[in-house]
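What follows is one structure encoded as structure tokens, with my remarks underneath.
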There are 2 protein chains.
Amino acid sequence: MKARVTVTLKNGVLDPQGKAIVGALGSLGFDGVASVRQGKIFDVEIDTKDRAVAEANVKAMCEKLLANTVIEDYAVELV
Amino acid sequence: MKARVTVTLKNGVLDPQGKAIVGALGSLGFDGVASVRQGKIFDVEIDTKDRAVAEANVKAMCEKLLANTVIEDYAVELV
């Protein structure tokens, strides 16, 4: 079973990388870009057919490793 | 208008970061993880109400900056 994890910065957390991207897009001639916020996705393949087990496991992986829950939110989607 | 860009490695492209994550998850006690592939997402806020213009602009941003089209695929979703 495959799960897609989406990790994004919490609202209010500054995103210097995003700001740098806005600057770079501006210098490439893209105007009208108000903001960019960058996040991560993980496509996790797990050896189980049980959706509940898979979801619980992936959430635990997020809490322990894939997301920094102090500044990041995560969402798990079974595909 | 907001667009979400999802950038993932093309099939067949090795993902050493993903392999490292599988190893780390294993050492944290998560067994049964067959594979992990990492990607990026960008939430781009653009000052336009025209969906076609927004989509075309964001695709051009992907081609020029947000994705390395040699090894990465990208998908644009207007939110």
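Reported count of residues in the range B:22-79, each being in contact with a strand residue (DSSP E or B) (Cβ under 8 Å, 6 or more places away or on another chain) and among the hydroxyl-bearing types (S, T, Y), is 2. Taking strands (runs of 3 or more DSSP E) as the structural unit, those lying wholly within chain A and holding at least 3 residues that are at the interface with chain B (Cβ under 7 Å from one of its Cβ atoms) and of a type in the set (V, I, T) correspond to A:33-46. In the range B:32-42, is there at least one residue being over 18 Å from the mean Cα position of the chain (by Cα) and closer than 18 Å to A:K40 by Cβ? Looking through the range B:32-42, at least one residue is over 18 Å from the mean Cα position of the chain (by Cα) and closer than 18 Å to A:K40 by Cβ.
Scan the range A:1-8 and give yes if some residue there is without any contact (Cβ under 8 Å) to a residue 40 or more places away in the chain and open to solvent by 60 Å² or more (accessible area, probe 1.4 Å), otherwise no. Among the residues of the range A:1-8, not one is without any contact (Cβ under 8 Å) to a residue 40 or more places away in the chain and open to solvent by 60 Å² or more (accessible area, probe 1.4 Å), which makes the answer no. Annotation note: Cβ proximity below 8 Å between a residue of the range B:10-32 that is polar (S, T, N, Q) and a residue that is open to solvent by 30 Å² or more (accessible area, probe 1.4 Å) (sequence gap 6+ or interchain) occurs for B:Q17/B:Q38.
The values are calculated or read from the model by the stated rules, or taken from the named source; none is laboratory data. Computed from a predicted model, the values in this text were never measured in an experiment. Note that each Cβ is placed from the backbone with ideal geometry, even for glycine, and that neighbours are counted across all protein chains shown. These accessible areas exclude ligands, DNA and RNA; they are computed on the full protein's heavy atoms, side chains included. Shrake-Rupley method; radii C 1.70, N 1.55, O 1.52, S 1.80 Å.
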